[in-house]
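Here is the structure we will look at.
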Amino acid sequence: MVDHVGDDFQKLTKYKRGQQWMPLDWSSKPEIYKTYPEHKTIPLEFNVPEEAKSFSEILQKRKSVRNFSEQSLTLNDLSFLLWASTGVVRVNRDYAFRTAPSAGALYPIETYLVAKKVENLPSGIYHYNIASNALEELKLGDFSEAVTHAALEQDMCNHAPVTFVWSAIFSRSKWKYKQRAYRYVYLDAGHIAENLALAAVSLGLGSCQIGAIFDDEVNQVNRC
């Protein structure tokens, strides 16, 4: 890894007064949703438990949890976590706004699941179809050891009932923001991760967001 690549990135993606802005090519705008129409789809719905905690209590109790019980996660709770992290909340002037903010409402982040112990959901890898609020079944099997190995042997991934994996379609943001888009993509991912962490606390669940991974190995686990 080049020592100065991060420093160069920050310098080269600064906005400066007097820059000439290029008009947007609307004909080349990438699709806002990624779908797997050839795969089995599992519709999602949820009810928020009455015992859900207040927001101030959630903030006070949020922390990284690396030890998980052997109890399975309910599909209702998983559905809520997915919606709370990045689900659609309203549609306004053809824009479907989500629970997490996104630069330009371009939403480059995609959510995948490595499910191990979720009630009424076979172990496997799934993609969250945001537009339909549904899971797309990509491949079945227990991939918890593979994702643990790709996450620098962090064993919590092997014991978690489900592991969220976020990827980005950078072209969605680069279409408008060019090289500065990378700054916004990382911010988007952080917004979604925090939403998930707070939603987990509201349900009495634990979570831990990690960035220490072998990128290509995680991509290989998710690859269909």
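The values are calculated or read from the model by the stated rules, or taken from the named source; none is laboratory data. As the structure is a prediction and not an experimental result, all values here were calculated from the model. Cβ atoms come from the backbone with ideal geometry, glycine included; neighbour counts cover every protein chain shown.
Miscellaneous remarks
- Pick from region 109-159, criterion under 17 Å from ALA84 (Cα atoms) and of a type in the set (Gly, Ala, Ser), ranking: surrounded by the most Cβ atoms within 10 Å (Cβ to Cβ): ALA134
- Residues of region 67-84 satisfying the condition of being crowded, with 16+ Cβ neighbours inside 10 Å and either touching a His at 6+ places or on another chain (Cβ under 9 Å) or among the charged types (D, E, K, R) (or both): PHE68, ASP77
- Some residue of region 62-84 being small (Gly, Ala, Ser), in contact with a strand residue (DSSP E or B) (Cβ under 7 Å, 6 or more places away or on another chain) and within 19 Å of ALA160 (Cα to Cα): yes
- Subset of region 169-223 [of a type in the set (S, T, N, Q), closer than 30 Å to ASN47 by Cβ and touching a Phe, Trp or Tyr at 6+ places or on another chain (Cβ under 7 Å)]: ASN222
- Restricting region 90-103 to residues that are at pLDDT below 95 and not charged (D, E, K, R), the residue that is surrounded by the most Cβ atoms within 10 Å (Cβ to Cβ) is ALA96.
- When region 203-217 is filtered for residues that are over 14 Å from the mean Cα position of the chain (by Cα) and not charged (D, E, K, R), the ones remaining, listed by number, are LEU203, GLY204, LEU205, GLY206, ALA212, ILE213, PHE214.
- Count - residues of region 31-60 that are of a type outside the set (Ser, Thr, Tyr), surrounded by 13 or more Cβ atoms within 10 Å (Cβ to Cβ) and not in a loop (DSSP other than H, G, I, E, B): 2
- Qualifying residue in region 132-140 (condition: free of Cβ contacts under 8 Å to residues at least 60 places away in the same chain and over 27 Å from ALA103 (Cα atoms)): yes
- Index of the failed condition, THR86 passing every other in (1) more than 23 Å from LEU203 (Cα to Cα); (2) among the polar types (S, T, N, Q); (3) at pLDDT 95 or above: (1)
- Pair list, Cβ under 6 Å, 6 or more apart: region 196-219 residue surrounded by 14 or more Cβ atoms within 10 Å (Cβ to Cβ), other residue polar (S, T, N, Q) and outside any loop (DSSP other than H, G, I, E, B): LEU196/SER85; ALA197/SER207; ALA200/SER207; CYS208/SER64
- Residue within region 163-171 that is more than 29 Å from VAL91 (Cβ to Cβ) and buried (at least 18 other Cβ atoms within 10 Å of the Cβ) present: yes
- Pairing residues of region 8-22 that are without any contact (Cβ under 8 Å) to a residue 60 or more places away in the chain with residues that are not in a helix (DSSP H, G or I), at Cβ distances under 9 Å and at least 6 apart in sequence or on separate chains, gives ASP8/VAL2.
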